[in-house]
Amino acid sequence: MVNAQEQIEKFQEFLELNYQKEIHSLVKQGARALLVDFNNLSMFDPILAEEVLNEPEESFKAAEVALSQFDIPNKYIKVRFFNIPESQKLLIKNIRSEHIDKFICFEGIVRQSSDVRPQVVSARFECPACGNTITMPQIEEKFKEPSRCSCGRVGKFKLIDKTLVDSQRLVLEEPSDNLDGGEQAKRLPVYLREDLVEPKMEKKTTPGSRVTVYGLIREVPIQSKTGGQSTRFDLCLETNYVDPSDESYEEIILNEEDMEDIAQLSKDPKIYEKFLSSIAPSILGHEDIKGALILQLMGGVKKQTGDGQKIRGDIHILLVGDPGAAKSSLIKFIENAAPRARYVVGRAATSAGITASVVRDEFIRGWALEAGAIVLASGGFLLLDEMDKMSEEDTSAMHEAMAQQTVTISKANIQATLTAQTSVLAAANPKFGRFDPYQPIAAQIDLPPALINRFDLIFPVRDLPNREKDNLIATHVLELQHSPQSKEPPIELSLMRKYIAHAKQSIRPVLTPGAIEEIKNFYVNLRNSTTVGDVDAVKPIPISARQLESLVRLAEGSARIRLSKKVTRSDARKSISIMRYCLMQVGLDPETGQIDIDRISSGVTASTRNKIHIVREILSFFESKGKKSIPMEDIMAEATDKKISESQVEEIIEKLKREGEVYEPRRGFISKI
């Protein structure tokens, strides 16, 4: 091994040659660490690079001493290495005793993170007898005092001062894509110190983030039950550098070249069509859904009113359709296109897994909060497949997260409100597996009406035989099987991500008077266009204020596609056409031929509610005449005069029976309760 002085000189030469600029900018920014690319070091001196891998502790100290020789005000700047060779990249499950005290790196998902707390790294003591000062480095967990002084004194020494640094403990878990068949994900504790726990850095290591950590593997002694030390040891990682792999839209950094590409693309008059062809190019058709997905990726603008009320900008979409209609493939595409996305499958998802759960934490000896999928995907997408397979208690946990964009937890001794600014894209199958063509679509969606109401857009995906369309699909699928790379999208996925990131970061479109007028006219005309014959009848409500907000969000997303700061009439028309398509598919009342939002939000249409109201009035009319049990024939005769068919009367009476309003004292007679 090279002696320390030689090592320091080599590092000094290396830093002088390659990192002069970075060292100067460190001083300007007041940063506390210098990032060194390991490739540069191995090109400069392969032997020195080898020493960093095999004797990391001494090498890091030598590099820091070399850096402190430069003319910089802060002499305690850390040197952080990244980009180490593939041979040093391990999986958590493959870490063995041979790797102890070696420099390695691995990728993992942060499962738990403790609070940032100060830790003693060294302490200075004074001898009361001779006044000598003794410095004790604090390496172990237990605080260490000197045992004796050079003057011969044994016993109590006076503590003068101690050096504290911030430290934090994370628990990292193996990413699921590295696991084989029935393997369980392995976990490893990771310790971060000093500049690695700065507030800006800490945000990138919150539970759910995917990170690559570089550091030294250490052994941790375990106390045996008898009080002595066990022969078995635990492992942990002393971190040298953390590289976050997950980015939200705000964290994507765009260079000048990217900005030129984005500006050029935004000037294209056919930008919307280009985006449409780039969304899941391997799937043919579904233009309406793809158009809505582009608007969802762009999103609306988040606003805050004068009284502190927040208006969400995220768009939620629900796809309900026949099996094999490419719903999951569309969802999987969005998982790749969005910088931050969580994919969850219905049956395996519980309310704790989606929102948040409280777990017992051994490190802090108490309860800790573990965030669920909708919180971890904040700033991105939650992709929920097979939503109909979730139990009702689990779907009800999503109400607050989708409308207010927060998750409130009150469990054990934890009262917390977590942010969940997440767009939800969900897929579900109809009640009986496939759509029944003779039943209204709304009645076949087996989800709580309150949750359905939270979605901005609901798309039924029908799989109906059609020779011409089937021919196109078969050709498309078989060509794709023959040459998987043949369908190249007009906009590359990496450019699409950057484009969306730029739109979300910088573009906050504002409604123009034309767009406001367009949306207002659509809303007012649709709400008041219902003409039911009877003046006293319960009028259907075709659209509610919730859909009005959805229209604005969709129009803002449309303006963002062009990177426009203004929402124009054409954007408003685009959002209206998408909304009308959804309402016609899901909210059309077959009896009156008019749109009725109640079909989606409560499952009972206004025309049905009107008929129930009439039957109740008939029962009250007979009861007021002194009839306790009313013959069915009389009810039928009265209802037929008011244009309600016999089958409908039977259906309504059955409904009232189920709700406990009426009962049948003897066959053919009805009494009110």
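Laboratory data are not the source of any read-out in this text; all were calculated from the coordinates shown. This one's a predicted model, so the numbers in the text were calculated from it and none came from an experiment. Cβ sites come from the backbone with ideal geometry, for glycine too, and all protein chains shown count toward neighbours.
For region 378-437, applying the loop criterion from DSSP together with a ceiling of 15 other beta carbons within 10 Å to the chymotrypsin sites (Phe, Trp or Tyr not before Pro) yields Phe432. Shown for the chain: cysteine residues without a partner Cβ closer than 4.7 Å, namely Cys105, Cys236, Cys582. Listed values (1) 33.2, 116; (2) 26.5, 84; (3) 23.5, 72 include one computed from this model; for Rg and Dmax of the Cα atoms in Å that value carries the label (1).
In terms of the mean number of neighbouring beta-carbon atoms within 10 Å, the peptides 572-580, 624-632, 396-404 order highest first as 572-580, 396-404, 624-632.
Between Glu664 and Lys625, full extension at 0.36 nm per residue minus the direct alpha carbon distance yields a gain of 12.2 nm.
The calculated FRET efficiency for Lys332 paired with Val121, based on their beta-carbon distance and R0 = 51 Å, is about 0.60. Expressed in Å, the radius of gyration and Dmax of the Cα atoms of region 256-505 are 20.0, 66.
Take every DSSP beta bridge whose two residues both sit in the chain, then give the antiparallel share in percent to the nearest 5.
Roughly 70 percent of the DSSP beta bridges within the chain come out antiparallel.
Stretching the chain fully between Gln648 and Arg616 yields a gain of 10.2 nm (0.36 nm per residue, less the alpha carbon separation).
Determine the alpha carbon to alpha carbon distance for each of Lys290/Lys327; Lys61/Lys102; Lys627/Lys655 and list only those over 20 Å.
Lys627/Lys655
Label reach from Gln88 (point 7 Å along Cα→C-beta): in region 27-44, amide nitrogens under 13 Å belong to 36-43. Of Lys389/Lys611; Lys28/Lys566; Lys89/Lys267; Lys78/Lys565; Lys142/Lys204, which sit over 32 Å apart, Cα to Cα? Over 32 Å apart, Cα to Cα: Lys389/Lys611; Lys28/Lys566; Lys89/Lys267; Lys78/Lys565.
This model, with +1 at the C-beta of Lys and Arg and -1 at the C-beta of Asp and Glu, gives the chain a dipole about its Cα centre of some 1860 debye.
Taking 19 Å as the cut-off, the amide N atoms of region 98-114 that come nearer than this to a point 7 Å along the Cα-to-beta-carbon line of Arg32 belong to 114.
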